[in-house]
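Have a look at the structure below before the remarks.
The values are calculated or read from the model by the stated rules, or taken from the named source; none is laboratory data. Quantities reported herein were computed from a predicted structural model and do not represent experimental measurements. Don't worry about glycine lacking a Cβ; one is built from the backbone with ideal geometry, like all the others, and counts go over all protein chains shown.
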Amino acid sequence: DIEVMLQPSLDSDIEVMLQPPRLRYRGNVTDPWTQICCMFNPHCHFLPSVDMMLIFSKLSFVLFYYCIIFQRVFVWDLDETIIIFHSLLTGSFSTRFGKDSSKAVSLGLWMEEMIFNLADSRLFFNDLEECDQVHIDDVASDDNGQDLSTYNFVTDGFQSPAGAGTLCLGSGVHGGADWMRKLAFRYRRVKEIYNTFKNNVGGLLGSPKREEWLQLRREMEVLTDLWLTQALKALALINSRPNCVNVLVTTTQLIPALSKVLLYGLGSAFPIENIYSATKTGKESCFERVAQRFGRRAVYVVIGDGVEEESVAKKKNMPFWRVSCRPDLEALSHALELDYL
């Protein structure tokens, strides 16, 4: 005899569907065992029953579900992990690695100017500096979907005389509905700009800023011994995997962080939805949001140089990969190539 019976659920419908069928041979062509054989035998002329097709469709769904859910999430720090920036300004990079200190500071100041120039001129940082958000979609619920193609951000009266900063001191503290809508418009426009130019930053900057930016990138790579190039290799390896994802959690405010990501050529590695700013809430809160988004079944790997991310990773039992020098990034790429991570 053949009986197809799914064992009782222990936890959820998913687990029910994962339980293997119990089969006892009955011997006619409509039994499940014969149907299973026919499903994989091109010379079989018998069609499986509706019930058996339903079971296999459920199992196919389960396989798809687990391929999507069981992913590996790599949570990256930004400064001094993927990019070298702050340590150029402080002189710590040149001191530690024996580089020309005046050259390092000069390049750091040059990059700082470009970061804030882009943030102010194209990403509304003058409007949004005091209204910082953790994530680009945090105020999306206040957006009514209005077409912004002809919208005038300069004359919409967003900045009130009282100062917009007082209206966004913490999560849940909102201004008026009209003001919040204008705030949401700005973040939506930032998202559009990022997605449009993440692979064409030169087009966003225009000439002659584009040539200046390319020259700066070249000089920084020489000074830092191709640090960014090595980081990009690791990021690309992760992105090449179907069930792995790169997430960025940085202590930089969101708008300058997006400017950094664009100027350092990281737009293809990080979709804007995968970028979080820990300026207001701290990294632990951001890690919790990331874990909530990708689920408890995912495996999380934290990559950084700081004490904060290492402490949070330890607290949450997440593996931590410390980046203190370029060879650490080389070792990371090697581990990824060998599928150790």
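Hey, does segment 157-164 have a residue that's modelled with pLDDT under 95, surrounded by fewer than 16 Cβ atoms within 10 Å (Cβ to Cβ) and part of a helix (DSSP H, G or I)?
No: zero hits.
Regarding VAL139, is this residue modelled with pLDDT of 95 or more, closer than 26 Å to GLY265 by Cβ, buried (at least 19 other Cβ atoms within 10 Å of the Cβ) and of a type outside the set (D, E, K, R)?
For VAL139, the condition - modelled with pLDDT of 95 or more, closer than 26 Å to GLY265 by Cβ, buried (at least 19 other Cβ atoms within 10 Å of the Cβ) and of a type outside the set (D, E, K, R) - is not met.
Which one of these is modelled with pLDDT of 95 or more, within 30 Å of LEU204 (Cα to Cα) and among the aromatic types (Phe, Trp, Tyr): PHE320, PHE270, PHE294?
PHE270
Quick one: what pairs do we get from segment 76-93, first residue under 18 Å from TYR276 (Cβ atoms), second in a loop (DSSP other than H, G, I, E, B) and aromatic (Phe, Trp, Tyr), C-beta under 6 Å, 6+ apart or different chains?
ASP79/PHE85; ILE83/TYR264
Taking segment 283-341, which residues are surrounded by 14 or more Cβ atoms within 10 Å (Cβ to Cβ), of a type in the set (Lys, Arg) and in a helix (DSSP H, G or I)?
LYS283, ARG289, ARG293, ARG326
Quick grid of which residues meet (1) of a type outside the set (S, T, N, Q); (2) modelled with pLDDT of 60 or more; (3) out of contact with any Lys or Arg (no Cβ under 7 Å at 6 or more places or on another chain); (4) in a helix (DSSP H, G or I):
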residue	(1), (2), (3), (4)
TYR65	yes, no, yes, yes
PHE74	yes, yes, yes, no
GLY108	yes, yes, yes, yes
ASN117	no, yes, yes, yes
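Somewhere in segment 240-258, is a residue under 27 Å from VAL299 (Cα atoms), of a type in the set (Ser, Thr, Tyr) and without any contact (Cβ under 8 Å) to a residue 60 or more places away in the chain?
Among the residues of segment 240-258, at least one is under 27 Å from VAL299 (Cα atoms), of a type in the set (Ser, Thr, Tyr) and without any contact (Cβ under 8 Å) to a residue 60 or more places away in the chain, which makes the answer yes.
Cβ-Cβ under 7 Å, sequence separation 6+ or interchain: first residue in segment 207-234 and more than 14 Å from MET114 (Cβ to Cβ) and touching a residue at least 24 places away in the same chain (Cβ under 8 Å), partner surrounded by 15 or more Cβ atoms within 10 Å (Cβ to Cβ) and aromatic (Phe, Trp, Tyr). Which pairs?
LEU228/TYR264
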